[in-house]
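Report on one structure; see the data block that follows.
The values are calculated or read from the model by the stated rules, or taken from the named source; none is laboratory data. Quick caveat, the model's predicted, so the values are computed rather than measured. Cβ: placed from backbone, ideal geometry, glycine included. Neighbour counts: every protein chain shown.
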Amino acid sequence: MNFLFLCTGNSCRSILSEALFNARAPEGFSACSAGSQPSGKVHPLSLRTLQSLNISTDNLWSKNMQDCEKFKPQIVVTVCSSAAVEPCPLYLGNAIKVHWGLEDPSHLECADEEKIQAFKQTVEHIQRRFDAFFALALDHLSQEELISELHKIGQID
């Protein structure tokens, strides 16, 4: 099952989601991330946070949605509110689309230590959602039930 995590800049929340998902996904699951207006670079604190968790950052780069076209996601997750209201490209076709909004720690105006803590809290938030997703009995859910569960996961704080 392929997930596409979308955000506006593809430098923080969607990148973190891609890397964290791929680090724990069982065989047959994969994630990619993209931005509707990619920044062209991954935020340095995204990389630092992932590296502190021993998660590889080697293949992470700020992508646009067309860069993920061949990925053919079954589930598209928007993680910022601006990407949630933008139209998805036609190639996403019948993909399930859900919104799992996250606050953006990269835009905080604070001391570096506080900002690092905010990145860690964002990771914890993402991990709680992935805990809920990977706990689902996916083989026993209809598409409607899966959609319902995905929407519930988006409400987890």
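Taking the criterion of being closer than 13 Å to Ser106 by Cα and free of Cβ contacts under 8 Å to residues at least 60 places away in the same chain, would at least one residue in the stretch 51-64 satisfy it? No, every residue in the stretch 51-64 fails to be closer than 13 Å to Ser106 by Cα and free of Cβ contacts under 8 Å to residues at least 60 places away in the same chain. Restricted to the stretch 68-157, the set of helices (runs of 4 or more DSSP H) holding at least 1 residues that are at pLDDT 95 or above and closer than 21 Å to Leu20 by Cβ comprises 112-134, 143-153. Of all residues in the stretch 112-148, those satisfying the criterion of being more than 21 Å from Arg13 (Cβ to Cβ), of a type outside the set (Ser, Thr, Tyr) and either in contact with a helix residue (DSSP H, G or I) (Cβ under 8 Å, 6 or more places away or on another chain) or free of Cβ contacts under 8 Å to residues at least 24 places away in the same chain (or both) are Ala135, Leu136, Ala137, Leu138, Asp139, His140, Leu141, Glu144, Glu145, Leu146.
The residue that is nearest to the chain's Cα centre (by Cα), counting only those in the stretch 34-59 that are under 16 Å from Val79 (Cα atoms) and either outside any loop (DSSP other than H, G, I, E, B) or hydroxyl-bearing (Ser, Thr, Tyr) (or both), is Ala34.
Among the residues of the stretch 20-49, the one identified as buried (at least 21 other Cβ atoms within 10 Å of the Cβ), without any contact (Cβ under 8 Å) to a residue 60 or more places away in the chain and under 22 Å from Glu113 (Cβ atoms) is Val42.
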